[in-house]
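All of the numbers you see were taken from the coordinates with simple rules; none came from a lab. Since this is a predicted model, take the numbers as computed values, not measurements. Neighbour counts are summed over all protein chains in view; Cβ atoms, including those assigned to glycine, are modelled from backbone coordinates with ideal geometry.
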Amino acid sequence: MNTPSFQVLRLLCCAWVITLFACTQQDPIEKQIDLLLSQMTIEEKIGQMNQVDPSWEAEPKEQLIREGKVGSVFNVVGAKKVNRLQRMAVEETRLGIPLLVARDVIHGYKTIYPIPLGQGATWNPKLIEQASTLTAYEAYQAGIRWTFSPMVDVARDPRWGRVAEGYGEDTYLTSQMGVAAVKGYQQPLAYDTIAANQPLLMAACVKHFAGYSASEGGRDYNTTWIPELMLRDIYLPPFKAALDAGAASIMCSFNNLNGLPSSANPHLNIDILRHEWQSDALLVSDWGSGSDLVPHGLAADKKEAALRCINAQMEMDMQGYIYLDYLKEWLEAGEITEKQIDDCVRSILRLKFRLGLFDNPYVPEEEPSYYREEALAVATEMVEQSAILLKNNGTLPLQHPTSNILITGPMADQQKEQLGTWVFDGEPEHSITPLTAFRQWADSTHNARIIYEPGLTYSRDKNLSGIAKAVEAAKNADIILFFCGEEAILSGEARCRADLNLPGAQIEMMDALVATGKPVVMIVMAGRPLTIGKQMEQAAAVLYAFHGGTMAGPGLRNVLVGEAVPSGKTTLTFPKMVGQVPLYYNRFNTGRPSYDPPMLIDSIPIGCPQFSIGQSSYWLETPTEALVPFGFGLSYTTFSYSDPIIHIDNTKGTITAACTITNTGTRDAYETAQLYTHQLSGAHVRPICELKGFEKVFIPAGESREVEITITKEQLGYWHQTWERDATGTAPATHNFFFATDQAEFELWISPDSRRQTTPVLFRL
């Protein structure tokens, strides 16, 4: 007897037995998993390890679901569509195991927030957590319970397209922002009510594990070579922080790391993730990254790729079918054990239990509530706080009344492009552009006339004819707002750039606008830092806005007219030219540091002797300093910092630094105090400075606030490498790695950016 009704009855009975059994046990979820595993065939187990994208292939995967050969689907959107597939899994399979439904929900579902690089520029983890929760709520209404976010790859190369998807170049800042996103996504299902032991609203997935952002040449998917010490000090901590915060899953990266692709890297996946960190988070491949072992050259074919991946404990295969097609063969051949498969399936089932899918696999099929007032308000605030004021000669905020404003540039009225990369569900028609926002502002009691002439129709446009129209329109304007940058398609996955200048004819357009003699405010909407040194010199003011999402227009308008005060700070160092890349603030010094001023190429005498111009570390074409340093951002007011005072508590193992910040200007504003340390010497060479803490505070005009930032002695630690040599000297040396804090002398300072703008305090551990 195998009718659907009988299957449902069997499912209900099974669920009752499982629940009854679990109630008497100390760890109910693990006991339920044990019982379920004992009932599963090997085919059902392998099926759980298979994730498919029905939207990608012409052939529907419904039969595979009915056969119990799919554990997860992604890119299925809409409550009715999701529930239909879920019923196949729950009501038409032998054991009724529900599906995990996933999607790349990166910086918003319908309401789109600034790209993650812009979110990082807020230096406001609480705001990121809030936006992530609102995102999860919107996505849940479409049936999505698992997002492949946040990306916590520390990225030091702006050529890499996926810098847009992360939080910048700093390990500590990325960790804090990643933790905030995880907490936001993984709120209880009824996040706006008080209830205990609720399932997760959405499961987060931290990615890409690991070293993906260090690709050679800034080219996506490329090889990475990262020494073990650097891997552990720079690239791994954000993953560890996110997992410690409860991240339910983690994703392999595409790259090969030191010769082993991450999907088949036992050192990463077993030694570090499972053994050192004791993590039980589900480890999923990236799209087809398991089968990518073949073009990598690690596996001769997909069958061998499956063996490599399972032996590295990759638990779920995304859209590769290598487990579904080949794992049973390897098991029957005795090359793998059923326990290896069980361990993988256990992680998958655990996540399904954490999401409450066994109790309620379906999502409500009611009218969704998108673009809620709360979501739009948070999106607007995030735009305001992410905008970085790089330059201002007093032009901003716009003076009232401003009678004639020319709005121009290819990014001024681009509903789709302002959403940024990784936007599958955001609707451009709901985006409010800067042009629309300024027109609304001008129509509502403001004595201003908006003149619009785009000049260029899109960021790569090289047609100069429209520039002449914009120049002509400038004759009737008092000020020019030039919205420039790059389209969304120019950043994100596989969107790497060797040239970081403004694309198309935007440089020519800036030249033409400046030549009018009217003040030009440049607003850059992009997915990465661009090399805009010349344009910064030309402009009266520069506001770096990234791709701001649905509410980019209102948020930027509020900043430009002074209804909001800019408080964004850079999270990536801005190079003057591409040849400086990689350029990051926490670099190691050299034995021959750069000295100012260096002798640049145009100053070198003809025929001068080889060593006459000095021997230090610099480029001939430019000094070593950045165009814009890490942590930098101006305001409409000014702040003064006192020198820090520190207190060391040896009992608690903490160092507390305090300083007084005074708002010396006329506008109430936020300021981000940043604590940096420098270890003067150590067992290994140490960076010239490192961010160890920060606090964003609101300070009314003319008032002062005392800021206290406490760090632990452990935060001053780093990974060491030691060599053990045979006493006879006949055997090769062996090495080991360990984490420790040196008994050394440190400098500590608090300042508005990574530069030393207060007197460092010396202390010794």
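Taking the centroid of alpha carbons for each part, segment 537-579 and segment 648-680 are 25 Å apart.
For segment 605-690, with the dipole built from +1 on Lys and Arg beta-carbon atoms and -1 on Asp and Glu ones, taken about the Cα centre, which of Ile645, Gln679, Gln615 lies farthest toward the positive end? Projecting each Cα onto the dipole axis, the largest value belongs to Gln679. Counting only Cβ charges, +1 for Lys and Arg and -1 for Asp and Glu, the dipole size of segment 639-764 around its Cα centre is about 140 debye. Sort all Cα-Cα distances of segment 220-318 into consecutive 5 angstrom bins from zero, then give the percent of pairs in each bin up to the one containing the longest distance. Going out from 0 Å in 5 Å bins, segment 220-318 shows 3, 14, 24, 26, 19, 11, 3, 0 percent. Shape summary: segment 316-391 maps onto an equivalent ellipsoid whose semi-axes, from the alpha-carbon gyration tensor, are 44, 22, 12 Å in decreasing order.
Dimensions of segment 349-496 based on its C-alpha atoms, expressed as ranges along the principal axes with the largest first, amount to 67, 39, 30 Å.
Sum -39500 (n - 2.57) across every DSSP H segment of at least 4 residues in the chain, then divide by the residue count to get the 222 nm mean residue ellipticity, nearest 500. Show your work: numbers first, answer last.
Working: 19 runs with 204 residues, N = 765.
For the chain, the value works out to -8000 deg cm²/dmol.
Note that segment 153-295, at 4 °C in a medium of 1.567 mPa s, gets a Stokes-Einstein diffusion coefficient of 83 µm²/s from its Kirkwood radius over C-alpha pairs.
The alpha-carbon positions of segment 572-631 define a convex hull whose volume is 94 Å³ per residue. Evaluated at q = 0.09, 0.12, 0.16 Å⁻¹, a Debye calculation over the C-alpha positions of segment 45-168 (equal weights, vacuum) places log10 I(q)/I(0) at -0.33, -0.55, -0.82. Extending 7 Å from the Cα toward the beta-carbon at both Ala658 and Ser603 defines two label points whose distance is 4.5 nm. Remark on segment 612-688: ratio of C-alpha radius of gyration to 2.2 N^0.38 Å is 1.61.
Residue-normalised convex hull volume from the C-alpha trace of the chain: 211 Å³ per residue. The Thr41 and Asn736 beta-carbon pair, evaluated with R₀ = 51 Å, returns a calculated FRET efficiency of approximately 0.70.
What is the order of Val294, Val685, Val520, fewest Cβ neighbours within 10 Å to most? Show your work: numbers first, answer last.
Values: Val294 16, Val685 11, Val520 24.
By the 10 Å Cβ count, ascending: Val685, Val294, Val520.
With the Cα gyration tensor of segment 591-750 giving a ≥ b ≥ c as the square roots of its eigenvalues, does the rule (a/c under 1.5 for rounded; else a/b larger than b/c for prolate; else oblate) give rounded, prolate or oblate? It comes out oblate by the Cα gyration axes. Each of Ala379, Asn392, Gly168 was scored by the projection of its Cα onto the charge dipole of the chain, and the greatest displacement toward the positive side belongs to Asn392; charges sit on the C-beta of Lys, Arg, Asp and Glu.
With the cut-off at 19 Å, report for segment 422-562 the share of all Cα pairs above it, as a whole percent.
Tail fraction, whole percent: 54.
Tell me, what does the Kirkwood hydrodynamic radius of segment 243-301 come to in angstroms if you use every pair of distinct C-alpha atoms? Please list the in-between numbers first.
Working: mean 1/r = 0.0833 Å⁻¹.
Result for segment 243-301 stands at 12.0 Å.
Using only side-chain charges placed at the Cβ, +1 for Lys and Arg and -1 for Asp and Glu, the dipole size of the chain relative to its Cα centre rounds to 520 debye. For the chain, the relative contact order is 12 percent, taking Cα pairs closer than 8 Å that sit 6 or more residues apart in sequence and dividing their mean separation by the residue count. In plain terms, the residue of Thr758, Thr122, Thr638 with the fewest other Cβ atoms within 10 Å comes first and the most crowded comes last, giving Thr638, Thr758, Thr122. Computed about the Cα centre, the dipole magnitude for segment 251-334 is approximately 80 debye when only Lys and Arg (+1) and Asp and Glu (-1) carry charge, each at its Cβ. Span-like helix check, the chain: qualifying full DSSP H segments, with Cα axial length of 18 Å or more and mean Kyte-Doolittle of 1.0 or more, are 4-23. Beta bridges per DSSP, both residues in the chain: antiparallel share near 60 percent.
Its alpha carbons considered, segment 435-505 gives a radius of gyration followed by a Dmax of 15.3, 46 Å.
For segment 475-571, the residue among Ala539, Ile489, Leu513 whose Cα projects farthest onto the positive side of the dipole built from Cβ charges is Ala539. Residues Tyr585, Tyr618, arranged from fewest to most other Cβ atoms within 10 angstrom of their Cβ, appear as Tyr618, Tyr585.
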